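Chemist: Can you keep this structure in mind? I'll have questions shortly.
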Amino acid sequence: MKNLIEDLIFSTNGKGMHEITENINDWISKNSVTQGQLNIFISHTSASLTIMENASPDVLDDINNFFLKLVPEDSSLYSHGYEGNDDMPAHIKYMLTQTSLTIPIKNKQLILGTWQGIYLFEHRYNPHKRKISLSFLGN
């Protein structure tokens, strides 16, 4: 039985959805993971994780536009804003999305649907380095 944990650092170029599926697949190969449960956790409060369609870039654009409408970046609406107009909206978007994902692995493969990918969802305009912890239990 393997019990692994490792942090990966991802650089974002600002707001948007950044696919990290291939990075996760590389980690699975590097660690000779065969079967079990992989938990992916982001330790930031202004970026999040999601599984989303990875076939059409229009989907990602639509999601980003939806969140801009859902959580306005208008500093007059919020008390907190030490780091700019996108500060508090980023925290709200984080709260509405996911901090971790649990994905089964079978036969050395993530069990994802045909059009699914794993995304780091950056909610800030400026580039950031984001730490994502991978923990695995299985064979």
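Chemist: Per the helix-only calculation at 222 nm, which mean residue ellipticity applies to the chain, given -39500 (n - 2.57) for every DSSP H run of n ≥ 4 and division by its residues, nearest 500 deg cm²/dmol?
Modeler: Values: 3 runs with 34 residues, N = 139.
That comes out to -7500 deg cm²/dmol.
Chemist: Just to check I understand the Karplus step: with θ = phi - 60° and J = 6.51 cos²θ - 1.76 cosθ + 1.60, what whole-Hz values come out for the stretch 31-48, glycine and proline as x?
Modeler: Whole-Hz 3J(HN,Hα) from phi for the stretch 31-48: 9, 6, 7, 10, 7, x, 10, 10, 10, 10, 10, 9, 9, 9, 10, 9, 8, 9.
Chemist: Say each of SER135 and LYS106 gets a label point 7 Å from the Cα, pointing the same way as Cα to Cβ; how far apart are those two points in nm?
Modeler: For SER135 paired with LYS106, the spin-label model returns 2.4 nm.
Chemist: Ok, one more. From Cα pairs below 8 angstrom and at least 6 apart in sequence, can you work out the relative contact order of the stretch 19-124, rounded to a whole percent? Please report the intermediate quantities before stating the final value.
Modeler: Numbers: 152 pairs, mean separation 54.4, N = 106.
Over the stretch 19-124, the number comes to 51 percent.
Chemist: Provide ILE9, ILE118 in ascending order of the number of other Cβ atoms located within 10 Å of each residue's Cβ, fewest first. If you can, show how the numbers build up before the last one.
Modeler: Values: ILE9 8, ILE118 24.
By the 10 Å Cβ count, ascending, the order reads ILE9, ILE118.
Chemist: Given H placed on each backbone N at 1.01 Å, which residues far from ARG130 in sequence or on other chains put an amide H within less than 5 Å of it?
Modeler: Counting only residues 5 or more places away or on other chains, the set is PHE10, SER11, THR12.
Chemist: Any of LYS15/LYS129; LYS30/LYS106; LYS15/LYS106 with alpha carbons more than 24 Å apart? Name them for me. Present the calculation step by step, with values, prior to reporting the outcome.
Modeler: Working: LYS15/LYS129 12 Å; LYS30/LYS106 16 Å; LYS15/LYS106 33 Å.
LYS15/LYS106, as the Cα separations exceed 24 Å there.
Chemist: Under the rule of at least 5 residues apart or a separate chain, name every residue whose amide H is placed under 5 Å from the amide H of LYS2.
Modeler: When sequence neighbours closer than 5 places are left aside, the close amide H contacts are GLY138, ASN139.
Chemist: Rounded to whole Å, give me the distance from the Cα center of the stretch 32-58 to that of the stretch 62-124.
Modeler: Cα centroid to Cα centroid, the span is 11 Å.
Chemist: From zero outward in steps of 10 Å, how is the percent of C-alpha pairs of the chain spread across the bins?
Modeler: Per 10 Å bin, starting at 0, the Cα pair percentages come out as 11, 40, 31, 13, 4, 0.
Chemist: Which of the helices in the chain meet the span-like rule: DSSP H, Cα axial reach of 24 Å or more, Kyte-Doolittle mean at least -1.0? Before the final figure, lay out each step's value.
Modeler: Numbers: long enough: none.
Membrane-span-like by this criterion, though nothing is claimed about a membrane: none.
Every number here is computed from the coordinates shown, using simple stated rules; none is lab data. In this text, all values refer to a predicted model and were calculated from it rather than measured experimentally. Methodologically, a virtual Cβ is constructed for each residue, glycine included, from the backbone with ideal geometry; neighbour enumeration extends over all protein chains shown.
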